[in-house]
Number of protein chains: 2
Amino acid sequence: MPNNQFKKGELYSFITGKASTAIARRLQKKFNSAQLNLTIEQWSVLYHLWKEDGISQQELCNATFRDKPSITRLVDNLEKLKLVKRVASKEDRRMNMIYLTPEARKMQEASMDLAEETLNEALTGVPADQVEICKAVLQIVYDNLK
Amino acid sequence: MPNNQFKKGELYSFITGKASTAIARRLQKKFNSAQLNLTIEQWSVLYHLWKEDGISQQELCNATFRDKPSITRLVDNLEKLKLVKRVASKEDRRMNMIYLTPEARKMQEASMDLAEETLNEALTGVPADQVEICKAVLQIVYDNLK
DNA sequence: TTCGAATAGTTGTTTAACTAACTATATGCC
DNA sequence: GGCATATAGTTAGTTAAACAACTATTCGAA
């Protein structure tokens with residue numbers, strides 16, 4: 001049952017997601033200024049590996065909401081940068097387990113600090129309770145469409 | 001002055017914008033099913049031209065939050081699809097004024113209906129006042145980073 | 001009036017998303 | 001055991017975003 005909250009005139013910015021692209025753009029510039037040679041997409045993969053590495057590409061697909069070809073290419077590029085290694089699983093030879101290199105571990109703190117800084121800039125002037133509501137709405141939207 | 005609303009553990013989904021990509025993906029599938037041979041990015045350009053055509057590429061850049069090369073290529077592809085025409089301005093020969101073709105005008109209603117339907121699906125179960133708060137927050141975020 | 005700066009748009013390069021088609025390995029059923 | 005099916009990952013092709021470098025036209029100030 002549609003709830004018809006949207007009129008045709010206001011569809012645009014919700015669909016095009018200009019806020020999140022602006023955040024990503026700002027963070028990318030901070031990475032460049034800090035000589036962190038990383039794209040936001042590569043960072044988003046490392047983000048999950050910093051929490052736990054030695055996971056399969058399929059698990060990275062689920063964590064980052066990307067399809068398999070996208071992860072194949074991101075891991076390709078991260079491997080070229082010597083930030084991760086593919087290791088064939090012994091239990092299931094179809095799987096590549098992805099491990100961080102020491103260089104990648106060194107980048108965690110600086111890049112997370114820049115991400116936190118970016119979000120604080122983005123959310124300046126927004127009351128904390130509205131941020132919470134916004135996060136909840138975006139989660140519901142994602143779940144509705146999954 | 002940062003307001004430190006974010007802990008490091010919850011940065012991810014705000015930056016990666018998974019909700020808006022899910023919406024765009026859903027809408028793209030509806031376009032494909034309806035034989036509307038359009039990408040979401042092409043649609044986002046037509047969206048502004050339906051409101052007013054005969055505008056310059058620069059004006060399309062501002063309206064769609066894209067840079068000039070992106071609009072050049074989107075207009076290239078829309079021209080190949082015979083949905084728009086570039087017409088050199090008589091007052092300022094640097095400018096291309098972009099006009100819709102009759103075929104493009106025919107696509108307005110069906111595509112806007114699908115966009116509205118997609119948003120209603122996305123926002124099922126979200127109270128209207130929370131949608132308003134979320135829209136306001138995303139607008140502030142965009143303005144903060146602009 | 002002319003020359004430097006600003007503006008409008010294009011082209012080339014890299015990275016990435018998505019789809020479809022593909023290979024290789026594993027699983028499960030007969 | 002052998003074959004159909006599912007799963008993990010790769011490759012190819014198209015579209016798009018971001019950035020830098022470029023051309024052409026216009027504007028503005030000495």
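Please treat every number below as a calculation from the coordinates, not as lab data. Here the structure is a predicted model, which means the values were calculated and not measured. A quick note on method: Cβ atoms are made from the backbone with ideal geometry, for glycine too, and the neighbour counts reach across all protein chains shown.
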Worksheet item: Once label points are set 7 Å from the Cα along Cα→Cβ at both B:ASP92 and B:ASP143, what is their separation, rounded to one decimal in nm?
Response: 2.7 nm
Worksheet item: What gaps in nm, shortest first, separate B:ARG105 from its twins in the other copies when you place the label 7 Å past Cα toward the beta carbon?
Response: 6.6
Response to the item:
Shape call for the range B:15-145, from the Cα gyration tensor axes a ≥ b ≥ c (a/c under 1.5 means rounded, otherwise prolate when a/b beats b/c, else oblate), comes out oblate
Item to complete: Could you calculate the contour length gain from A:ALA110 to A:GLN35, that is, 0.36 nm times the residue separation minus the distance between their Cα atoms, to one decimal place in nm?
Response: 25.9 nm
Response to the item:
Output field shielding_mean for A:125-136 (other chain Cβ, 10 Å radius) holds 6
Worksheet item: Rounded, prolate or oblate: which fits the range B:96-146 when a ≥ b ≥ c are the square roots of the eigenvalues of the alpha-carbon gyration tensor, with rounded for a/c under 1.5 and prolate only if a/b beats b/c?
Response: oblate
Worksheet item: Quick one: what do you get for the protein assembly as shown if you divide its Cα Rg by 2.2 N^0.38 Å?
Response: 1.10
Discussion item. Just to verify a number: FRET efficiency for A:ASP76 and A:GLU103, C-beta to C-beta distance, R0 = 25 Å, to 0.05?
Written reply: 0.90
Practice prompt. Would you mind calculating the relative contact order of the range A:15-145 from Cα pairs under 8 angstrom and at least 6 residues apart, reporting the percent as a whole number?
Written response: 23 percent
Practice prompt. For n ≥ 4 DSSP H runs only, could you compute -39500 (n - 2.57) per run for chain B, divide by its residues and tell me the 222 nm figure to the nearest 500?
Written response: -20500 deg cm²/dmol
Worksheet item: What's the average, rounded to a whole number, of partner chain beta-carbon atoms within 10 Å of each residue's beta-carbon in A:42-48?
Response: 2
